[in-house]
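Participant: Quick one: the structure is below, questions incoming.
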Amino acid sequence: MALSALPADAIVQAETYYMPPPPRRGQPAQDWSQVPGAELIYRWAETRLNRRVPVPTETVPDHPGLYARIDDGRWIGICDACDSVWIVSVKDPRFGCVECRRDWVPLIVPDDIAGAEAEALALQRRFWWHPEDPANPNIPEPPIEPPTEPAPEEPQP
């Protein structure tokens, strides 16, 4: 029995997770190959979750962006409006939420995507956090300096 249904040598992205359903008898298969990676979740939600959610056309103004991370072998993004988690595309760094129907938010991905994936694949559970992500639990806390006592004042002549 396999320990995991995840591929042993790859990290799952939107392009490999959100796939079209199998064709119905006598009908051609759906072709999603031209759908941008960030928009695949909307097609998938319509076919698998029976939710017809329009693809966003705008971007949330002045949003600093959300950090993508690898969670148990999957690239994910967590919506900061409703806390929903979706598998994301690091090739198309936009994040839209099917749950709260927000507009696009920039997705912050590492400069070296292959390096981050290799680092995660070397681990048994395959987790990776962006080094600048404030939610990263692996960032060491800055050392706490003991309070210093004020120097005694020298008498003035």
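Participant: Stretch Asp80-Gln34 to full length: gain in nm at 0.36 nm per residue minus the Cα-Cα span?
Facilitator: Contour length minus the Cα-Cα distance gives 13.7 nm.
Participant: While we're looking at this one, here's another question. Using only the Cα atoms, work out Rg/Rh for segment 69-157, with Rh taken as the Kirkwood radius, to two decimals. If you can, show how the numbers build up before the last one.
Facilitator: Details: Rg = 21.3 Å, Rh = 16.1 Å.
Reported Rg/Rh, Kirkwood definition of Rh: 1.32.
Participant: Just Asp83, Asp71, Asp62 to compare: in a GNM of the chain, with alpha carbon springs under 10 Å, which one fluctuates most?
Facilitator: It is Asp62.
Participant: Moving on. Note down, for segment 17-88, the three equivalent ellipsoid semi-axes (square root of 5 times each alpha carbon gyration tensor eigenvalue), biggest first, whole angstrom.
Facilitator: 26, 15, 11
Participant: Where both partners of a DSSP beta bridge lie in the chain, what percent of those bridges are antiparallel, to the nearest 5?
Facilitator: Around 70 percent of the beta bridges assigned by DSSP in the chain are antiparallel ones.
Participant: In nm, to one decimal, how far is the Leu123 label point from the Arg52 one, both placed 7 Å along Cα→Cβ?
Facilitator: Modelled inter-label distance: 4.2 nm.
Participant: Let me ask something additional. So which residue, out of Pro36, Pro134, Pro146, gets the largest mean-square fluctuation from a GNM of the chain using Cα contacts under 10 Å as springs?
Facilitator: So, out of Pro36, Pro134, Pro146, the one fluctuating most is Pro146.
Participant: Then there is this: So, in nm, how far is label Glu145 from label Ile113 when the simple model puts each one 7 Å beyond its Cα toward the Cβ?
Facilitator: 4.2
Participant: Along the Cα-to-C-beta direction of Thr59, a point sits 7 Å from the Cα; which residues of segment 78-99 have their amide N less than 16 Å from that point?
Facilitator: Hits in segment 78-99 for Thr59 at 16 Å: 91-97.
Participant: Given a cut-off of under 8 Å on Cα pairs at least six residues apart, what relative contact order in percent is computed for the chain? Can you show the working numbers first?
Facilitator: Details: 215 pairs, mean separation 33.9, N = 157.
In percent, rounded to a whole number, it is 22.
Participant: Farthest toward the dipole's positive end in the chain, which of Ile139, Pro93, Gln30, given Cβ charges of +1 (Lys, Arg) and -1 (Asp, Glu) about the Cα centre?
Facilitator: Gln30
Participant: Separate question: Using only alpha carbons, build the gyration tensor for segment 16-144 and give me the equivalent ellipsoid semi-axes, biggest first, whole Å.
Facilitator: 30, 19, 12
Participant: Using all alpha carbons of segment 65-114, what is the percent of pairwise distances in each 5 Å bin, ordered from the shortest bin to the longest?
Facilitator: 5, 24, 35, 23, 10, 4, 0
Taken together, the values in this text are just the output of simple stated rules run on the coordinates, not laboratory data. Keep in mind that what you see is a predicted model, and the values were worked out from it rather than measured. Here Cβ is always computed from backbone atoms with ideal geometry, including for glycine, and neighbour counts include all displayed protein chains.
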